[in-house]
Amino acid sequence: MQAVFQIIKVNPEKSGTKDGRAWAMQDCECIMLDANYAPDQVGVLMVPKDLRGRILPGTYSGTFTLRPDLRTRRIEAVLVGLEPFVIPPKKA
């Protein structure tokens, strides 16, 4: 599954311990773009472990897959690929 979105703010990485287990996470504030590259929805995107600390604000094409959450077992879309994206100019 592909999606184009704009990252407007990368939040600092957070970490800690819970029940004796270490954890770390990072997320970013995003605007999902529709098929015409217009703002459609706003939300928070979890940054995968291999991209933490390496993402900057900008426009991206993201590749997602479905995976069950380890705690809740809910099936959710998870970011597995990220490429910079240039919005094509509108044709007159």
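Overview of values
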read-out: Ratio Rg/Rh, restricted to the chain and using Cα atoms, in which Rh is the Kirkwood radius; value: 1.03
read-out: Lysines whose Cα lies under 27 Å from that of residue 49, excluding same-chain neighbours fewer than 8 positions away; value: 9, 14, 18
read-out: Net charge dipole size for the chain [Lys, Arg +1 and Asp, Glu -1 on Cβ; Debye, nearest 20]; value: 200
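FYI, it's all coordinate maths here, none of it is from the lab. None of the values given here were measured: they were computed from a predicted structure. Cβ coordinates were reconstructed from backbone atoms using ideal geometry, including for glycine residues, and neighbour counts include every protein chain displayed.
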